[in-house]
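Data block below; observations after.
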Amino acid sequence: MIEVSRLRKWYRVHRREPGLWAAMRSLLHRPYEDVKAVDDISFAIGSGERVGFLGPNGAGKTTTLKVLSGLLHPTEGKVSVAGFTPQRRERGFLQQITLVMGQKQQLLWDLPPSETFLLNRAIYDIPKKQYQETVAELTELLELSQLLGKPTRQLSLGERMKCELAVALLHRPRVLFLDEPTIGLDVSMQATVRGFVRAYNERFGATVLLTSHYMEDVAALCPRVMVIDKGRLIYDGSLPELVRRVRPDKRVHVKLSKPVQRADLEALGTVIEHRDAEAVVQVSQEALQHAVARALSALPLTDLTVEDPPLEEVMRDLFAQGRAA
Amino acid sequence: MRVIDAPKAPRLGTPWGVRRFASLYAQLLRTGFAEAVAYRAEFLIWMFSTNMPLVMLAIWAAAARSGPVGGYSQQGFAAYYLCALLVRLMTGAWVVWELTMEIRQGTLALRLLRPIHPLLQWSADNIAAIPMRGVVALPVTAILLWVARGELSHRWFDWLLLLPALAGAWLIYFLVQAIIGTIALRFESAASLFTAWLGFSNILSGYLVPLDLFPRAVRDAAQWLPFRFQLSYPVELMLGRWNHEQALQLLGVEWIYVAFFFLCTRTAWRAGLRYYAAYGG
């Protein structure tokens, strides 16, 4: 469905020092430099896949999504989405994709979302029956019935995002590019959006490429992740495998019937947290079996769980490794 | 992954037929009108700010108190400037501001994702505001018909040509704005370039001063420049300045300019998109 081969996207940016003198000087002389937003990346995504696209700010995620959706022309390389070359922006291509940007909206600000629905129905030439079915379905899935008649400006951020998703999917695109779709939303709304994206993907077999700073989004939605840093693809595979590679250690979380000495916990591994009758100990993969056995025999346990390190930490370590390299 | 109900195949290759286009454009107009109505207070204030012809009328009417100036009596000036105000109200466009703002804020990206040319949608927004403009234009027309009835053309042919002349005037204004706005795809802003164009346009279109009152060299140049067709030509038709043949000839020149600016817009747009950086978010 998506094929990217040796994609490069460089921006030419004007560099200027701060201050009045630099402003005056920039009238006569403007030094430019090329910024490599995306630098030689290749990947392929199959039909119906859900892929998380991770990376720190400025890594090149959004630039890649914009190239894939035809907004930007690649500097070099080949890109194909649904059999089309995106930058040609052919009607057949635009009919099959959508790009939802959490920080931008296509809803008409002063009109109710239902007006944008009608507008998109005309633009995408959606047959009446399909339009009615889709609106009914989206209204039910996203609980929009009370929202469609209110002016967009009077909706909360979460309500607006639900309507944004609905309007972006009205034409039943086969490829979804989601750029931070849950940004700024509360936890329950994030879960609603995640559930909806998964339902849409499963119902229509649509391909999803998602960027998000919320690791829960990626963990809940994406069996496969791609990690980009400084414009280069540094990982492409499953999320558990990424965690294993970057942070092979585990977190042993113990709950105790009575407080114990810190030294008793240190016998298991590195103590990360220790509060009265609760503790978290970091243990290497190899020592895990031994540590669990020792905890079971030596500690007054009421509960024991073994978890991977939090994804945020995994990513922080991964990017720190990248910077050190 | 289980596909419960695959989407209907997109209707690729559907001919962009006249009916399909008409239905789309009708929806664009409905949406544009709904937006214009939503912004009604701001819109009315903006329209009332189009008062330069009335200021110029006051100045020239005072100058013509003791006798005609350059062939214009007080009533002649009244007819000219009321016609100019009417033409300006009916041919308003603001796409350059929308375009430069959306390019700078990055929101143009969302328009580019839709299978419709953004300029087509903006054209509908601008045209859909005409009924709102009528709120001001209708009283102006009534005053014009009463005050300057002796100066207006009495030939039906002139009034028949007025419609395509106004359409051409609006298209030139809209397309020039689109070309200048499109330059912002490459340079992020083109507002100062449009201000420069507006400066020439205000003078050479006859908006501030009737072209007849300029020195001969300027007048001759203005006759063939595009600015004149934005305002002076429709006004000249309303005042019955030309015989049938001359009026038709000028209409032809006006629409050659429309075609020329249309091609320039297409070229500039295609070239601009190559440089579009889609900044932000």
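Criterion first (at pLDDT below 80 and in a loop (DSSP other than H, G, I, E, B)) does A:Glu33 satisfy it? Taking the combined requirement at face value, the residue does not satisfy it.
Comparison of B:Ala124, B:Ala93 shows that the only residue that is part of a helix (DSSP H, G or I) and either at pLDDT 90 or above or buried (at least 21 other Cβ atoms within 10 Å of the Cβ) (or both) is B:Ala124.
One residue is enough: does the range A:301-317 have a residue meeting the conditions among the hydrophobic types (A, V, I, L, M, F, W, C), out of contact with any strand residue (DSSP E or B) (no Cβ under 8 Å at 6 or more places or on another chain) and under 25 Å from A:Ala220 (Cα atoms)? Yes: one or more hits.
Could you check, for the range A:12-30, whether at least one of its residues is part of a strand (DSSP E or B), in contact (Cβ under 8 Å) with a residue 24 or more places away in the chain and either under 20 Å from the mean Cα position of the chain (by Cα) or farther than 27 Å from A:Arg198 by Cβ (or both)?
For the range A:12-30, residues part of a strand (DSSP E or B), in contact (Cβ under 8 Å) with a residue 24 or more places away in the chain and either under 20 Å from the mean Cα position of the chain (by Cα) or farther than 27 Å from A:Arg198 by Cβ (or both): absent.
Scanning the range A:65-94 for residues that are within 23 Å of the chain's Cα centre (by Cα), at pLDDT 90 or above and in a loop (DSSP other than H, G, I, E, B) yields A:Ser69, A:Gly70, A:Pro74, A:Ala82. Checking each residue in the range A:50-64 for being facing chain B (nearest Cβ under 10 Å) and either part of a loop (DSSP other than H, G, I, E, B) or within 21 Å of B:Gly272 (Cβ to Cβ) (or both) picks out A:Thr62, A:Thr63.
Taking the range A:32-82 as the range and being out of contact with any Phe, Trp or Tyr (no Cβ under 9 Å at 6 or more places or on another chain), among the charged types (D, E, K, R) and surrounded by fewer than 18 Cβ atoms within 10 Å (Cβ to Cβ) as the test, the residues that pass are A:Glu33, A:Asp40, A:Lys78. Highlighted here are the strands (runs of 3 or more DSSP E) found entirely within the range A:201-242 that include at least 3 residues which are buried (at least 19 other Cβ atoms within 10 Å of the Cβ) and of a type in the set (A, V, I, L, M, F, W, C): A:207-211, A:224-229. Show the residue pairs meeting these rules: Cβ distance below 6 Å; 6+ apart or different chains; first residue within the range A:212-236 and farther than 23 Å from A:Thr182 by Cα; second residue among the charged types (D, E, K, R). Pairs found: A:Gly231/A:Lys36; A:Gly231/A:Asp39; A:Arg232/A:Asp39.
Of all the listed residues (A:Leu119, A:Leu148, A:Leu138, A:Leu107), the sole one being part of a helix (DSSP H, G or I), more than 9 Å from chain B (Cβ to nearest Cβ) and either more than 30 Å from A:Ser5 (Cβ to Cβ) or at pLDDT below 90 (or both) is A:Leu138. Residues that are in contact with a Lys or Arg (Cβ under 9 Å, 6 or more places away or on another chain) and farther than 23 Å from A:Phe204 by Cα do occur in the range A:135-152, at least one of them.
The values are calculated or read from the model by the stated rules, or taken from the named source; none is laboratory data. Keep in mind the model is a prediction, meaning the values are calculated, not measured. For neighbour counting, all protein chains shown are included, and Cβ atoms are generated from backbone atoms with ideal geometry for every residue, glycine included.
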